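Q: Supplied in structure tokens, the structure appears directly below.
Quick note: the coordinates plus some simple rules give every number you see, no bench work behind them. On a predicted model such as this, the values are computed, not experimentally measured, just so you know. For neighbour counting, all protein chains shown are included, and Cβ atoms are generated from backbone atoms with ideal geometry for every residue, glycine included.
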């Protein structure tokens, strides 16, 4: 796990000191070393130089530069340093990520005549490109973002993993192509100014999303979308962006429920085993929810049956859980400790606090590159910090389980609507009873389910947020946008579920995975972990698991009010029953409402009394009045989330000196 940077000069030459500055901004991603590839000369006569610092004489016409910051996870020796090149120096790579099937690929490549000098997955990926070219992407399993310089073809080939677990940003200032793992590194390039994309900013305030495929909140800076590759012709500057993977439904043999559940169990065991491959200590996040508890349960199974597969966890598994003494409604330690005790893990409890959050707010904004939508991301930050302090360098996390296996309330509602649409009234009644039996608060009080309501219904019930009152002028129009996620979800749910394509529930899953939910969560995961030089791995987002999970029949996701039903069935005997059949779901929540309304009031009052950078979007006097009039958590939850987004936007604008 690392940080990557690079510059290709199309018309001029590279300023190596700028490449060094870009790389320096990623020091937190790789404290174990740095390196540079500098390619000089004309494209017909290239010379390659690997250096520890990016230094060249003024008379050296450098045309291509790759930078790297190393977090050593596999093969900790100097042989693993990057950028890494082939023996003939024709092909070089700067790589961030993990290739989980690299042992199998290594064997295949050795059979084809390749020889290796290291035990790294980086070298396997490098040789996979030499053997198969861009088609190597179809063969590799893992999380990755890399840039590969092919001197023979005169091109830079870059790719991002199928789900977008690892980041890749780029820009095209005049005469150059530049890229990096984080936006802040690109801002070190002199011609790239920190300018906000106002339309994207309003999108964040209204929808809570910053990650829109290739669009970011910075003008002129793009994200390479998940499952895409980009090729740059270094001589002409022409770029070609192409999709190499799409999320599609799988047709499995053996279609009975028992066969599906067996496949889920086997898939979970296989992916967790591959994600435990490490030469440094690995631990696990453990919220107490079903996803992280499932991973801990599978690790426990492997620990009992295959000690070699679990050598990275040391003498015992370390788990890390966020807890709240004063807000016990958000405290899940009862379930987390049950899951940890069942596998003999050593549980580390972390206690986020309002004061600590506020003192780290701007630092969080800087590390995240873009604003974040709730305090749950600060809780994640604290868990990552605790893991690093405990000596863990690789952290297994349950990110993605809700999207992949159907954990959110909206999936229950989509399934219920599908049953009603298809005339299956008995089944729909059974599902509704199950929801009520499990205490579904959104069914019992629809105003609490604001995020699942289409815009017209939200307006009718008057449950929209503080943003209705404080957004300036034309920006307020975004609140009535009929293309909001909730509106799309209900449109899907009204469609007939008996066709040959995806069901409404599956379409919502695909939206969450590719557009609405997961991209931002993965940015948070990456930045929070890398802020502490920690590698976070997400086994539930192995693309084989994702394809399997989305393809499951709806009734194995939602069944009599139970969410993620197939996973609950698959984990029989591997989880305590109190966790496996837990009815409550918090979704790694934090006490946003209480902290904003009470604990942080003096800090927020002080902030709002000053000159706010976000005043170009927000009517600050109206915001002050709203906050003054809504003490003691009187306003609805949506309003407090809207306020938090404004605060987060302000901190982000300050962290990057935006106006």
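Q: For a quick size check, give me the Cα extents of segment 592-655 along its three principal axes, largest first, whole Å.
A: Rounded to whole Å, the extents work out to 27, 21, 21 Å.
Q: Mind sorting 594, 637 by how few other Cβ atoms lie within 10 Å of their own Cβ, fewest first?
A: Details: 594 20, 637 16.
Going from least to most buried by this count: 637, 594.
Q: If we sort 209-221, 368-380 on the protection proxy, mean other Cβ atoms within 10 Å, highest first, what's the order?
A: Values: 209-221: 20.1, 368-380: 23.9.
Packing order, densest peptide first, comes out as 368-380, 209-221.
Q: So how do 40, 418, 94 line up by other beta-carbon neighbours within 10 Å, fewest first? Write down the numbers at each step before the final one.
A: Numbers: 40 21, 418 25, 94 30.
The most exposed by this proxy come first: 40, 418, 94.
Q: From Cα pairs below 8 angstrom and at least 6 apart in sequence, can you work out the relative contact order of segment 2-243, rounded to a whole percent?
A: Numbers: 534 pairs, mean separation 48.4, N = 242.
Worked out over segment 2-243, it gives 20 percent.
Q: Mean separation of Cα pairs under 8 Å and 6+ residues apart, divided by the residue count of the chain: what relative contact order is that in percent? Provide the component values of the computation, followed by the final result.
A: Working: 1254 pairs, mean separation 98.0, N = 659.
Averaging sequence separation for qualifying contacts and normalising by length gives 15 percent for the chain.
Q: For n ≥ 4 DSSP H runs only, could you compute -39500 (n - 2.57) per run for the chain, divide by its residues and tell me the 222 nm figure to the nearest 500? Walk me through the intermediate numbers first.
A: Details: 25 runs with 252 residues, N = 659.
The helix-only estimate for the chain comes to -11500 deg cm²/dmol at 222 nm.
Q: Mind ranking 27-33, 298-304, 107-113 by how tightly packed they are, going by the mean number of other C-beta atoms within 10 angstrom, highest first? List each step's numbers first, then the result.
A: Details: 27-33: 17.7, 298-304: 20.1, 107-113: 12.3.
Per-residue mean Cβ counts within 10 Å order the peptides as 298-304, 27-33, 107-113.
Q: Highest mean first, how do 241-247, 7-13 rank when packing is the count of other Cβ atoms within 10 Å averaged over residues?
A: 7-13, 241-247
Q: Averaging sequence separations of C-alpha pairs under 8 Å and six or more residues apart, then dividing by the length of segment 571-659, give the relative contact order as a whole percent. Could the numbers behind the result be given before it?
A: Numbers: 38 pairs, mean separation 32.9, N = 89.
Answer for segment 571-659 is 37 percent.
Q: Separation of segment 196-212 and segment 60-100 by C-alpha centroid, Å?
A: 35
Q: Follow-up. Just to check, using Stokes-Einstein with a Kirkwood Rh over alpha carbon pairs, what's the diffusion coefficient of segment 247-590 at 4 °C and 1.567 mPa s in µm²/s?
A: Numbers: Rh = 21.1 Å.
Stokes-Einstein gives a translational diffusion coefficient of 61 µm²/s.
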